[in-house]
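The values are calculated or read from the model by the stated rules, or taken from the named source; none is laboratory data. It should be emphasised that the depicted structure is a prediction, and the values quoted were computed from it without experimental measurement. We place every Cβ from the backbone using ideal geometry, glycine too, and count neighbours over all the protein chains shown.
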Ligand SMILES: Cc1cc2nc3c(=O)[nH]c(=O)nc-3n(C[C@H](O)[C@H](O)[C@H](O)COP(=O)(O)O)c2cc1C
Ligand code: SF4
Ligand code: SF4
C-alpha cells in the first residue's frame, strides 16, 4: 500500500464510501488516492460521482462505515452544486464522515504556494454536522489550478510536483481518519478558517452574482463541429445544443464554470471569452440605478439619493441577471457570424497556444462523468480515452 503506514489491526472502519464531484479530475484524483489508501488497509470502498443528489441513497449507516465528500473550491467556498448536495443528504444518524476540498496550488520555482479554499470544506462539514453526521475531519489540499479562464496553466513538471505532494498530504489525512482520529485543528485548517471568514463576502458575491457572469463567458470557436460532448457530459446539463443543421453549445445560467466542457472538448473549441467578458462587464456591471434615479429625479425631487442605498442595490441586481442573459443571447447569435467569432476568439486568452488547457493528467472523462441520459448527440464517435 503506497504512502500509508498503518497497522491494519488499529483500523476503525470496514467500509468507506466516497462521493466526489470533479470538473477536471483533481478531486477525482484525491478521491481515488483515498480509495487506494483505504483498500490498502483492508476496507471495502465504493466511489460515487456526485452527478445527482440521488446518489445519497447509497449512504451506508453502519457504525463501521465512514463517508467522505470530495469536491473543488470555487470562489473560496464550496460550489453551489455541492452545497445543494450536502443539503439533500439524508440525516446522518451519527454516521462518521469527512470532507475534503481541492484548491489551486501553484509552484513557482522551488516554492509551493497554497491555494485558498476558505470556507469550502467547513461549510459542507457544518451542513453535515447539522444533519447529524459525526464529522471526523476536514482537509484542503492543493492540486494544480484548473481555473485557466483566469490564468495560464502550469507546466506539466509543476503540475506533477503539486500532485505528488497532494498524494502525501491525502495519505496522512486518511491515516488519521482511518484510525478514528479527529482532523480539525491543523495549522492548515486554522488558516483556511481565517480566510473563510475574511473572504466570506466575496464567497457570497461569487455564489449569488459572480458565477452567473462566469457562466456567460463561454463560447465555441470555429473549430467546434457540434459533436455535443460538452453538453452530454455536463453534470448540471448547463449546455444546450442550439441549431438543427449546425448545432453549437449555449451555456445556461446553471453552469458552475467547473471547466469540464472546455478541458475535454475534443477540438479545444470552448473559449472563456476575455474580450467578451469586458463587453459584458460594461453592459451588466453598469449601475442601472444611477441612470434610473437620475431620470426619475427630474420628476421626483430627492430620489437621486436612493441610487446608492439598499434600494439602489436591489435595482442593480434586478437589472444584472436579465442584462447578462439578454446580452449573452444576442452574443450567441452574433458569434455564429464567422467574422465576429474570429474577433472574439482571437482576443481571448484561452485561445493563445502558450495559455494551455488543464485536466488532471491521469484522468479520463469516463472517470468523472456519466453521459446524460437524454443526450442526443453523436458522442459515440468520440473515444473517451482520447
Ligand atoms: C470557477 C473556479 C473558481 C475557483 N476558485 C478557487 C478558489 O477560490 N480558491 C482556490 O484555491 N482554487 C480555486 N479554483 C481552483 C480549483 O478549486 C482547483 O483547481 C480544483 O482542484 C479543481 O478541481 P476539479 O478538477 O476536481 O474540479 C477555482 C476554479 C474554478 C474553475
Ligand atoms: S465538445 Fe467541443 S466540438 Fe463538441 S460541441 Fe462542444 S464545443 Fe463543439
Ligand atoms: S457547462 Fe461546462 S463549465 Fe459549466 S458546469 Fe457544465 S461542464 Fe462545467
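Does residue 167 meet the test of being surrounded by fewer than 24 Cβ atoms within 10 Å (Cβ to Cβ), at pLDDT 95 or above and either touching a strand residue (DSSP E or B) at 6+ places or on another chain (Cβ under 9 Å) or closer than 28 Å to residue 213 by Cα (or both)?
It is false that residue 167 is surrounded by fewer than 24 Cβ atoms within 10 Å (Cβ to Cβ), at pLDDT 95 or above and either touching a strand residue (DSSP E or B) at 6+ places or on another chain (Cβ under 9 Å) or closer than 28 Å to residue 213 by Cα (or both).
Please determine whether any residue of segment 112-119 is under 20 Å from residue 22 (Cβ atoms), in the same structural domain as residue 51 (by TED's automatic domain parsing) and part of a strand (DSSP E or B).
If we filter segment 112-119 for residues that are under 20 Å from residue 22 (Cβ atoms), which is where we start, we get 114-119.
Those still in the list that are in the same structural domain as residue 51 (by TED's automatic domain parsing) too: 114-119.
Filter again for part of a strand (DSSP E or B), leaving none.
Scanning segment 112-119 turns up no residue that is under 20 Å from residue 22 (Cβ atoms), in the same structural domain as residue 51 (by TED's automatic domain parsing) and part of a strand (DSSP E or B).
Under 7 Å between Cβ atoms, which residue pairs at least 6 apart in sequence (or on different chains) link something in segment 11-30 that is outside the structural domain of residue 162 (by TED's automatic domain parsing) with a partner that is within 16 Å of ligand 1 (Cβ to nearest atom) and not in a loop (DSSP other than H, G, I, E, B)?
That search, which allows pairs on different chains as well, returns nothing.
When the residues of segment 210-230 are filtered to those that are farther than 16 Å from residue 344 by Cβ and within 8 Å of ligand 3 (Cβ to nearest atom), which remaining residue is surrounded by the most Cβ atoms within 10 Å (Cβ to Cβ)?
230
Looking at 251, 276, 195 in this structure, which one is within 13 Å of ligand 3 (Cβ to nearest atom) and either touching a residue at least 40 places away in the same chain (Cβ under 8 Å) or not assigned by TED's automatic domain parsing to the domain that holds residue 332 (or both)?
Of the residues listed, the single one that is within 13 Å of ligand 3 (Cβ to nearest atom) and either touching a residue at least 40 places away in the same chain (Cβ under 8 Å) or not assigned by TED's automatic domain parsing to the domain that holds residue 332 (or both) is 251.
If you go through segment 178-185 one residue at a time, do you hit one that is more than 11 Å from ligand 2 (Cβ to nearest atom), buried (at least 16 other Cβ atoms within 10 Å of the Cβ) and in the same structural domain as residue 37 (by TED's automatic domain parsing)?
yes
Among what's in segment 231-247 and is within 23 Å of the chain's Cα centre (by Cα) and touching a residue at least 24 places away in the same chain (Cβ under 8 Å), pick the residue that is farthest from ligand 3 (Cβ to nearest atom). Walk me through how you get there before you give the answer.
Just the residues of segment 231-247 that are within 23 Å of the chain's Cα centre (by Cα), to begin with: 231-241.
If we keep only those that are touching a residue at least 24 places away in the same chain (Cβ under 8 Å) as well, we get 231-237, 241.
Details: 231: 8, 232: 10, 233: 7, 234: 3, 235: 6, 236: 5, 237: 8, 241: 12 Å.
Within segment 231-247, the match that is farthest from ligand 3 (Cβ to nearest atom) is 241.
Residue 108 fails exactly one of the following numbered conditions: (1) away from ligand 1 (no atom under 16 Å from the Cβ); (2) closer than 23 Å to residue 169 by Cβ; (3) at pLDDT below 95. What is the number of that condition?
(1)
What number goes with the only condition from (1) within 25 Å of residue 286 (Cβ to Cβ); (2) modelled with pLDDT under 85; (3) in contact with a helix residue (DSSP H, G or I) (Cβ under 6 Å, 6 or more places away or on another chain) that residue 313 does not pass?
Result: residue 313 fails condition (3) only.
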